[in-house]
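Below is one structure, written out as structure tokens; the observations come after it.
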Amino acid sequence: MRQLVVIGNGMVGHRLVEAVRDRDTEGTWAITVLGEESRPAYDRVALSSYFDGATEADLRMPDLVTDDRIRLRLGESATSIDRAERTVTTSTGDRVGYDALVLATGSSPFVPPVPGHDLPGCHVYRTIDDLEAITATAEFARTGVVIGGGLLGLEAANALRLLGLEAHVVEMAPWLMPRQVDEGGGAVLGRLIDDTGVVVHSGAALSGIEADADGHAVRVRLGEDEAIDTDIVVFSVGVRPRDELARQSGLDLGPRGGVAIDTACRTSDPHIYAVGECASADGMVYGLIAPGNAMAEVVADRLLDGRAAFTGSDTSTKLKLLGIDVASFGDALGAGENTLDVVVNDAPGKRYAKLVISDDARTLLGGILVGDASAYASLRPLVGRELPGDPLALISPSGDGAAIGVDALPDDAQICSCNAVTKAQINHAIEGGACDIAALKGCTKAGTSCGSCVPMLKTLLSQAGVEQSSALCEHFTHSRAELVQIITATGIATFSDLIARHGTGRGCDICKPAVASILASLGGGHILEGEQAALQDTNDHFLANIQRNGTYSVVPRIPGGEITPDKLIVIGEVARDFNLYTKITGGQRIDLFGARVEQLPEIWRRLVDAGFESGHAYGKSLRTVKSCVGSTWCRYGVQDSVGLAVELELRYRGLRAPHKIKAGVSGCARECAEARGKDIGVIATENGWNLYVGGNGGFTPRHAQLIASDVDHDTLIRYIDRFMMFYIRTADRLQRTAPWIEAMDGGLDHLREVVVEDSLGIARELEADMARHVSAYADEWRGVLEDPDKLARFVSFTNAPGTPDPTIRFEVERDQPVPAGPVTLGMPALPTHAEV
Amino acid sequence: MTVTTLTHAQTWVDACPADALLRERGAAVLLPDGTQAALFRLFDGSLYAVGNIDPFTGAAVMSRGIVGDRGGEPTVASPMLKQVFSLRTGACLDAQGVRLPTYTVRERDTRIEIAARPDGEVT
Ligand code: SRM
Ligand SMILES: Cc1cc2nc3c(=O)[nH]c(=O)nc-3n(C[C@H](O)[C@H](O)[C@H](O)COP(=O)(O)OP(=O)(O)OC[C@H]3O[C@@H](n4cnc5c(N)ncnc54)[C@H](O)[C@@H]3O)c2cc1C
Ligand code: SF4
Ligand code: FES
């Protein structure tokens with residue numbers, strides 16, 4: 001086997017080993033990795049999330065599969081290279097022979113040699129060790145100063161802020177992020193940063209750091225006579241490639257340092273390659289991860305006799321810093337000759353946008369966006385291209401920059417910059433049969449990293465005339481409504497049967513719950529009975545809503561929001577005894593949070609014994625029927641709205657639907673129950689009830705629209721029965737009533753004809769379906785408690801059923817238990833805050 | 001929980017009786033070092049185990065995901081944010097570079113046993 005030695009186990013060194021392993025299926029290379037840091041590679045790009053609570057384990061890159069072919073030697077650095085002998089000497093004195101050597105040594109932070117730069121209290125910001133040291137110093141600190149107002153400096157300032165310090169940033173240039181944004185953008189950025197409480201000192205030169213009597217850094221001196229008292233100093237003024245090994249062994253270096261490499265990423269010694277931040281490609285040292293990864297792929301390919309080449313990389317950046325959007329792309333600073341700028345500087349709106357265009361005003365060369373970077377995804381691919389229209393319109397606040405047609409883009413424009421996929425490649429994939437986003441992701445990799453290009457992928461699909469397929473997923477070519485028809489017509493009663501006869505494969509998290517819901521709507525018995533149990537998503541499977549730490553919430557039904565004091569007391573007692581966080585929901589009932597899976601049956605036994613039943617907060621089913629007090633108490637009320645709300649909630653409870661259904665009943669037109677914000681809204685009139693349908697809050701709020709007025713009680717119930725069942729039969733998966741009505745041929749008028757006039761002649765059938773549901777209803781939680789088989793699933797571990805999950809921990813907030821530790825929602829081991 | 005040590009230094013953990021595991025549904029197993037695995041039996045009886053911690057949220061919930069397939073590859077979807085992972089390799093099919101550890105599983109007599117350490121872990 002040939003010997004490959006990799007010096008450096010940072011992000012790029014790690015990627016290199018993975019890439020070699022992926023390609024070297026024959027096992028021709030044995031790999032030794034020397035890593036100076038004591039930890040295996042971690043996500044440096046996401047380093048700052050450490051201060052948001054991410055742990056070392058969260059930052060860890062996916063483990064290398066270490067076997068006889070890979071040796072990871074951590075805490076051991078390379079000290080010299082003998083190019084003639086082809087050996088590397090390590091800090092333990094060991095010598096390792098190589099056939100190929102890769103330098104992936106990264107870079108080190110530059111510390112300006114001002115007086116006091118090495119005092120205790122002075123730090124850099126590059127490794128987990130650095131962050132640990134900063135955290136330790138910060139414990140006794142009140143103020144921190146970051147030297148350097150670039151991208152990393154601002155991250156460091158935010159870190160100090162998160163540690164509870166008053167943070168200052170000192171930038172020598174007259175504005176922040178001078179390498180990415182121009183003066184105008186810098187001014188807006190400065191104001192936005194100011195708003196976050198970080199104090200910015202721009203145009204300020206560091207002249208020295210002073211110590212107290214103990215020799216601890218306490219004062220940062222700026223210029224002649226300005227000073228900031230501080231407890232901690234973080235340097236972030238730039239990095240220097242770690243090219244010392246290359247220097248010692250006589251390899252060629254780049255003009256600004258870094259190991260010089262050719263397009264094969266080879267150094268001046270053909271057995272030695274360099275990748276990542278230590279390499280200088282065509283005189284350029286890249287301080288970003290994407291070019292490093294590209295180099296790693298090139299070297300892996302070359303090691304396996306491929307011909308891949310690294311020919312430079314886009315340094316466009318978009319990031320969210322302290323909650324502020326900043327993006328710069330192409331020739332953002334107009335460094336080329338004869339360029340024209342188009343600028344929108346909206347100082348009060350705290351928004352700055354600039355396009356750099358060619359002097360004939362036809363070609364886009366680059367741009368800067370500060371405060372609102374939504375146009376980034378559509379502007380960046382236009383770099384080097386003819387502008388699709390008036391440049392000002394592209395960035396003016398009223399113009400919708402994000403909506404520039406992709407049709408304006410030429411074929412070789414990059415649509416997905418993360419994965420270097422062009423418009424032609426995407427169109428080609430569409431012609432080749434990719435008919436949805438998932439298929440495009442699969443065959444082109446576009447859209448798989450930061451996701452900002454996905455809207456453009458959609459546009460390309462629809463421009464290519466691809467009907468966005470109504471297929472449920474890769475396993476069924478049918479829409480949900482078609483499956484309802486198949487199931488009703490054939491009487492198929494299990495998922496296995498359905499997929500065997502009408503689908504392909506084994507199903508997934510989309511089709512399984514959808515079919516489970518259809519089977520349940522059509523009267524399939526307990527949702528955890530037999531095979532159905534395996535179809536339910538976790539909420540339905542445990543009849544509770546999963547929370548971010550893996551615990552569940554418990555929501556007993558409180559019809560119409562009406563509850564007796566005794567029942568209220570039971571809820572309080574249960575919550576107290578099981579130490580559950582308790583909150584009144586937006587749906588007029590009470591939610592108990594933080595129950596572990598193995599506690600759910602005991603909790604529910606107490607509730608069921610006291611007369612409660614499942615509130616179906618977990619299901620795509622009827623949630624609540626909100627009520628107002630109505631004629632019983634209210635001086636304006638004209639009908640008994642609480643009575644009707646309770647009746648409706650009990651009638652439709654447990655009914656599975658394409659999406660959740662909410663209802664409301666108000667006792668007069670003052671509408672205190674917000675009924676018109678619900679899928680089904682009923683408002684009392686002097687003569688009866690008005691029925692409204694298709695309202696919702698949520699993502700796209702809609703008001704419900706009137707379909708029947710002044711109807712009596714029985715007619716009202718009939719209409720609602722028909723409406724609900726018609727919805728259940730014909731809506732798409734996860735389509736609420738409003739978009740369902742909108743998408744319907746003939747819209748609301750057609751719906752009114754079906755529901756009120758029975759234009760399709762199906763009213764009897766719909767009512768009969770509902771009658772079946774009402775009579776077959778049984779409380780799902782009681783069903784579980786009475787069935788030992790179902791109960792047996794509520795365990796923490798199969799081999800330790802009562803042992804609580806050790807990862808679940810709580811802390812106390814406002815006198816109640818809440819999940820301990822950080823919210824870690826996001827991408828592990830991938831850049832989360834920057835797209836490159 | 002029972003821990004059996006075999007001669008070639010593979011430690012097996014007794015997970016459950018073979019008939020306790022529902023087809024197409026997972027169960028969590030507590031391992032001797034305090035870590036957790038998510039154990040699944042598929043429709044054809046085959047067994048798989050991957051790490052139980054969802055790498056996207058840090059919650060120990062993978063065993064509660066829905067199993068299925070993507071293009072024939074057996075998968076489990078995280079119940080939290082729905083990313084899909086290969087049950088064979090542990091690789092996340094929706095995000096490059098994210099991977100769950102995988103564990104060897106075997107059925108002996110009437111019991112299911114799972115390796116105490118993930119596949120490929122240096123010991
Ligand atoms: C608990 C509660 C918030 C609260 O503290 O008050 C809540 C909590 C959740 N809501 Fe809600 N919503 C709650 C009232 C609402 C309301 C207000 C209302 O019902 O009057 C709305 C807007 C009204 C509407 O839906 O039209 C609302 C709009 C949503 C949406 C967006 C729906 C949409 O069509 O855009 C979702 C997401 C979804 O369903 O896909 C959602 C989803 C969720 C989920 C289920 C998310 C999840 O899967 O984890 C939350 C978990 C509930 C739990 O763990 O018990 N929740 N949610 C409220 C429970 C009401 C209840 O008693 O059942
Ligand atoms: C806080 C922060 C935020 C960042 N944010 C972004 C961002 O948003 N977007 C972006 O694209 N980039 C960002 N970067 C830059 C990105 O992290 C680097 O481009 C990337 O890490 C470079 O990878 P590398 O492998 O070349 O170097 P490194 O990750 O630095 O790894 C080099 C490794 O080699 C080791 N080493 C050095 N010499 C030796 C030796 N002689 N023997 C053995 N081991 C040795 C070092 O200890 C180190 O572990 C950020 C960096 C930081 C610090
Ligand atoms: S909607 Fe009318 S009846 Fe109901 S509480 Fe408000 S004012 Fe009173
Ligand atoms: S631009 Fe396509 S995934 Fe980031």
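The values are calculated or read from the model by the stated rules, or taken from the named source; none is laboratory data. Note that the structure is predicted; figures quoted are calculated from it, not measured. Cβ atoms come from the backbone with ideal geometry, glycine included; neighbour counts cover every protein chain shown. These accessible areas exclude ligands, DNA and RNA; they are computed on the full protein's heavy atoms, side chains included. Shrake-Rupley method; radii C 1.70, N 1.55, O 1.52, S 1.80 Å.
Data for the structure
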item	result
Separation in nanometres of the label points that stand 7 Å from Cα toward Cβ, at A:GLU224 and A:ASP252	4.8
DSSP-assigned coil residues among trypsin sites (Lys or Arg not before Pro) in the stretch A:537-642, each with at most 11 further Cβ atoms within 10 Å	A:ARG635
Computed FRET value (nearest 0.05) for A:THR585 with A:GLU765, which takes r as the C-beta separation and R₀ as 25 Å	0.10
Residues with amide H under 5 Å from that of A:ALA227, placed H, sequence gap 5 or more	A:LEU222
Peptides ranked, highest mean first, by Cβ atoms within 10 Å: ranges A:719-729, A:145-155, A:52-62, A:108-118	A:145-155, A:719-729, A:52-62, A:108-118
Sequence-separation-based contact order of chain A, relative, with Cα cut under 8 Å and 6+ spacing, percent	8
Percent carbon-and-sulfur accessible area, chain A, ignoring ligands, DNA and RNA, probe 1.4 Å	49
For the pair B and A, total buried accessible area rounded to nearest 100 Å², probe 1.4 Å	3500
Reachable aspartates and glutamates, given that their alpha-carbon falls under 12 Å from the alpha-carbon of A:LYS678 and they are not under 8 places away in the same chain	none
Karplus-derived 3J(HN,Hα), 6.51/-1.76/1.60, for each residue of the stretch A:158-171, Hz, glycine and proline x	5, 4, 4, 4, 5, 7, x, 9, 7, 9, 10, 10, 10, 10
5 angstrom amide H check on B:ALA91, placed H, neighbours 5+ away	B:SER86, B:LEU100
Gain in span if fully extended, A:ARG362 to A:ARG501, counting 0.36 nm per residue against the direct Cα distance	44.3 nm
Euclidean distance of C-alpha centroids, the stretch A:668-717 and the stretch A:234-313, integer Å	67
Where A:THR422, A:THR494 fall by accessible area, highest first, once all protein chains stay in place (1.4 Å)	A:THR494, A:THR422
Using θ = phi - 60° and Karplus 6.51 cos²θ - 1.76 cosθ + 1.60, couplings along the stretch A:521-533 (whole Hz; Gly, Pro as x)	4, 8, x, x, x, 4, 5, 9, 7, x, 5, 4, 4
Long-range amide H partners of A:ARG506 with built H, under 5 Å	B:ASP69
In the stretch A:1-54, GluC sites (Glu not before Pro) in a DSSP loop with at most 12 other beta-carbon atoms within 10 Å	A:GLU26
Efficiency of FRET from Cβ geometry, A:GLU386 and A:GLU244, R₀ 45 Å, rounded to 0.05	0.45
Distance (nanometres) between label positions extended 7 Å along Cα→Cβ at A:THR685 and A:HIS271	9.3
Alpha carbon centroid spacing (whole Å) that separates the stretch A:36-98 from the stretch A:487-534	50
In order through the stretch A:211-227: 3J(HN,Hα) via Karplus (6.51 cos²θ - 1.76 cosθ + 1.60), integer Hz, x for Gly, Pro	10, 8, 4, 7, x, 9, 4, 9, 8, 9, 9, 10, x, 7, 9, 9, 8
Degrees between helix A:289-303 axis and first principal axis of chain A (Cα, 0 to 90, nearest 10)	70
Reciprocal of mean inverse Cα separation for the stretch A:607-673 (Kirkwood radius, Å)	12.7
Where labels lie 7 Å past Cα in the beta-carbon direction, separation of A:ARG179 and A:GLU26 in nm	4.2
Percentage, to the nearest whole number, of Cα pairs in chain A over 40 Å apart	53
Shielded residues, the stretch A:494-528 - accessible-area loss of 40 Å² or more between chain alone and all protein chains, probe 1.4 Å	A:ARG506, A:ASP509, A:LYS512
Cut-off 12 Å, label 7 Å out along Cα→Cβ of A:ASN345, residues of the stretch A:353-388 by amide N	A:353-354
Gain on full stretching of the segment that runs from A:VAL774 to A:THR494 - 0.36 nm per residue minus C-alpha separation	98.6 nm
Over chain A: helical MRE at 222 nm, DSSP H runs n ≥ 4 each giving -39500 (n - 2.57), nearest 500	-8000 deg cm²/dmol
Solvent-accessible area per residue, Å², over the stretch A:561-637 with all protein chains present [probe radius 1.4 Å]	47
Residue among A:VAL818, A:CYS628, A:GLY197 farthest towards the positive dipole end of chain A, charges placed on Cβ	A:CYS628
Reachable lysines, given that their alpha-carbon falls under 21 Å from the alpha-carbon of A:LYS445 and they are not under 8 places away in the same chain	A:LYS318, A:LYS423, A:LYS458, B:LYS82
